[in-house]
Amino acid sequence: MDRIVVTGMGVISAIGNTVAENRVSLIGGKCGMGSLEMFSSKFSDILPVGEIKISTDTLKEKLNAHEPGVTRTTLLALHTMQEALTDSGSTGSEISAFDTALVSANTVGGMCLTDEMYRDSKKDLPGSEYISSYDYGSVNMYLQKRFAMNGPVNTINTACSSSANAIMYGARLIRSGRAARAIVGGTDSLAKFTINGFNALHILSNEVCTPFDEGRKGLNLGEGAAFLVLEKESDAAGKKIYASLGGYSNANDSFHASSLSDEGIGPYKVMKEALAAAKLDPGAIDFINAHGTGTENNDKVESIAMLRLFEKVPAFASTKANIGHTLGAAGAIEAVFCILNLSHQELYPAVNFNEPIPATGLKPVENYTRKTLTHIMSNSFGFGGNCSSLIFSKA
Amino acid sequence: MFYIHQTSCISPQQTFKDIDINILHEPTDRKLQAIEPSYEAIPPGILRRMGKAVRMGVGAAMPVLQNTPVPDGIIIGTANGGKEDCVKFLNQIIDYEEGLLTPINFVQSTPNAVAAQIGLLTKNHGYNITHLQLGLAFEFAMIDADMLLAEYPLNNYLVGAVDDISTYNYYFEDKQGWYKKESISNKTLYDNNSTGSIAGEAALMFFVNGTRAGAIAKIHAVDTLHHEDESVMKEKLQGFIKRYLPGGEKIDLLLTGENGDNRLLKYYDRCESVVEADVAIARFKHISGEYPTASAMGLWLCCELFQKGSLPGHMIKRKGSAAAYKNVLIYNNYKGIQHSFILLSLP
């Protein structure tokens, strides 16, 4: 079987509106966290967030998306899907082909419109223009129509590891012959819903997050989106190939609805299975883009799982220190960052890190480094114990 | 291609225990609401905290998992997940002006809550995923199992579909005109020339693998389409049958998701035109009501058909010439844009 390769990418996050801008920010160790400005919340100045400083109206204008009911979550997806399609040189007929799949993920859908949704859920008030936009599936319903897509269109959820699974599902549609190419990714916008939800769980930090640091106080939420174009290597002849997707795995920690088991059953299992799927030994991994949320639980458990699996833990870091935790978009955004690592043979500095966790002693990459990189692992773990790991390899 | 070995169904009809689908339970307050069992297999302390979708999903899964090998994965299709808890939490945010909130509704509101809770309660560390593509969420769950079983032929999977009527999503759908304004009986669902259908809900679970021995049904293929044009749908359906119906065989029964909404009749008419005039046609939305993953109810009814040999009279739209049903095509349409095609047969 042909390798599955990446032929196009698009990303938007708190540190850049394009792949190129994100790379510049990653090299410079930029931290995109700040005050919430795009909507009002009691927590605007209390809890730092990785917000994209473009208003929803400006996004609509720029993307010529004036249909009623279009949400910020959808607009971020549209912005990056366009970048990925342009980057891959996909033609209109390719995008509309019956064998072009769209698989994406999100965790808030239209629930970014907290107040509108509240009113629409009341019996006697008339419906707003957003009434059909709250579903998670609404993002793809828009993209399918906008790009006149005829192939399989699916929305996936595994909480915070959702878009890693969208990438996997797209790759499997290609492997099984159900699609020739798959446009895969994830999107999420900041919402009162998630800010209050994570805050009620006491896992948000009131300072910038510090993944893998002894003094970490919790995560920062972020927003963003990313899309990749996946194809079979034999179909991509003559195209720019960024990387191949060599291995992947999904497993469940099955310990608790919102925290990971002490020994990291799920994280260990997915890293191990992804290596097996890629037919690689642990020693072949040159870098791990860790899930690294900056919470007490995640970073400790992920470290323990890495120490169990790897004789010598590879270089690792979490880009959530740059952009916050973008939930349903995180797996896809971090996939783009991994591919940037590979295609430029460079590692980015872990920002906000000071002291390692004493029990594990693990230190993320401290400085910008040029390095020979062949295989990179990207971890994503979510509520409900949903763990996933992807392995990207040099083109 | 894969096989269904066990099923479980909590629906508006008597489908969970002492199954009897000849009796037709009617809607109350314009909704076909699920007859919920007492959920003996779920610990009471955990049950109390579960929203309806999670409760029904876990409740339907437990009896299957008590009688089968440990599945290698749990694959759920749902459009709504724990939407009821979502809006409960949202109401707290607004009503208490982002004050001190309890996280339980937030944690339960994630759409992966059904798959995650089944995994947690049965300590299942395998593959675990939730598909959310509205009216095709269950189809993509089935396709997922199909792909996994092609890759790992010895594995077993639990595939399910869950969607509930919550006070909230009911108003979202109702305000968009997807339910009939008039109060009607499901016994006359297909007789009113008007828009909209009746709201329904259910949780269904299917235990599937690649083994023919002892199976209830063989799933030849599942396919999907997003398109508003009925002629594109028809062409896709013809290609689907041609590709997957074994050579020399014919379809004996067409089971459709016709739902009484006159705006969708054109799709069902086209679908019926694809099969020969002597093929039996049956319908199921008067049993299930309309909701995104209702096609799973159609599949469950086919499994009943294969086990019992006949369908209740109230399902039959057109009698066919076949003495027995071997090959069945299920076609479902969601909101005029999402099309589901399932081809199955006796194993």
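Every read-out reported here was derived from the displayed coordinates using simple, explicitly stated rules and does not represent laboratory data. Given the structure is predicted, the values throughout are model-derived calculations rather than measurements. Here the Cβ positions follow ideal geometry from the backbone for every residue, glycine too, while neighbour counts run over all protein chains shown.
Quick look at the values:
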read-out	value
Ranked B:TYR190, B:TYR179, B:TYR96, criterion: other C-beta atoms within 10 Å, fewest first	B:TYR96, B:TYR190, B:TYR179
Selected from A:LEU125, A:GLY137, A:ALA179, residue furthest toward positive end of dipole (region A:108-201; charges at beta carbon)	A:ALA179
Cα gyration tensor shape for region B:194-347, rounded if a/c is under 1.5, else prolate or oblate	rounded
Pairwise Lys count, region B:1-139 - Cα closer than 22 Å, eight or more residues apart or different chains	8
Antiparallel bridges, percent of DSSP beta bridges restricted to the protein assembly as shown (to nearest 5)	65 percent
Inter-chain shielding of A:132-140 (mean C-beta neighbours from other protein chains, 10 Å cut-off)	6
Global form of chain A, assessed from the alpha-carbon gyration tensor, a/c cut-off 1.5	oblate
Cβ charges +1 (Lys, Arg) and -1 (Asp, Glu), total dipole of the protein assembly as shown, debye	1040 debye
Extreme residue, positive dipole direction of the protein assembly as shown, given options A:LEU390, A:ALA65, B:VAL279 (C-beta unit charges)	B:VAL279
For region B:130-254: relative contact order, % (alpha-carbon pairs under 8 angstrom, 6 or more apart)	27 percent
Highest to lowest packing among A:376-383, A:78-85, A:286-293, A:142-149, scored as the average C-beta count within 10 Å	A:376-383, A:286-293, A:78-85, A:142-149
CD proxy at 222 nm, helix term only [per DSSP H run n ≥ 4: -39500 (n - 2.57); per residue of chain A; nearest 500]	-9500 deg cm²/dmol
Shielding score for B:71-80, defined as the mean number of other chain Cβ atoms within 10 Å	2
Relative contact order [Cα under 8 Å, 6+ residues apart], chain A, whole percent	23 percent
Net charge, A:TYR268 excluded, C-beta distance under 12 Å - Lys, Arg +1, Asp, Glu -1	-2
Global geometry of region A:245-395, whether rounded, prolate or oblate, following the gyration tensor of its Cα atoms and the 1.5 cut on a/c	rounded
Partner chain coverage, peptide B:221-227 - average Cβ within 10 angstrom	4
Using a Förster distance of 35 Å, the FRET efficiency for A:HIS344-B:LEU154 (Cβ separation, nearest 0.05)	0.25
Inter-probe distance in nm under a simple model that places probes 7 Å from Cα toward Cβ, at A:ARG175 and A:GLU296	3.9 nm
Summed side-chain charge close to B:ILE165 - residues other than B:ILE165 whose Cβ falls under 11 Å, Lys, Arg +1, Asp, Glu -1	-4
Peptide ranges A:243-256, B:229-242 listed from the most packed, as the mean C-beta count within 10 angstrom indicates	A:243-256, B:229-242
Distance between region A:304-377 and region A:152-188 - C-alpha centres, whole angstrom	23 Å
Relative contact order (percent, whole number), region B:4-152, Cα cutoff 8 Å, 6+ residue spacing	23 percent
Which of A:CYS387, A:CYS112, A:CYS338 has the fewest Cβ neighbours within 10 Å, and the rest in rising order	A:CYS338, A:CYS112, A:CYS387
Size of charge dipole - chain B - debye, nearest 20, with Cβ of Lys, Arg +1 and Asp, Glu -1, no other charges	540 debye
Inter-label distance, nm, simple model (7 Å from Cα along the C-beta direction), B:GLN176/B:SER194	2.1 nm
Residue-averaged [θ]222 nm for chain B, counting only DSSP H segments that reach four residues, each worth -39500 (n - 2.57)	-10000 deg cm²/dmol
For region A:177-237, projected area of the alpha-carbon convex hull averaged over all directions, nm²	7.2 nm²
Ranked list, fewest to most other Cβ atoms within 10 Å of each Cβ, for B:TRP300, B:TRP178	B:TRP178, B:TRP300
Net charge of neighbours whose Cβ lies under 12 Å from the Cβ of B:ILE75, counting Lys and Arg as +1 and Asp and Glu as -1	-4
Inter-site label distance for A:ARG308 and A:HIS202 at 7 Å from Cα along Cβ, in nm	2.6 nm
Gain on full stretching of the segment that runs from A:THR18 to A:THR91 - 0.36 nm per residue minus C-alpha separation	24.2 nm
Value of Rg/Rh across the protein assembly as shown [Cα atoms, Kirkwood radius]	0.96
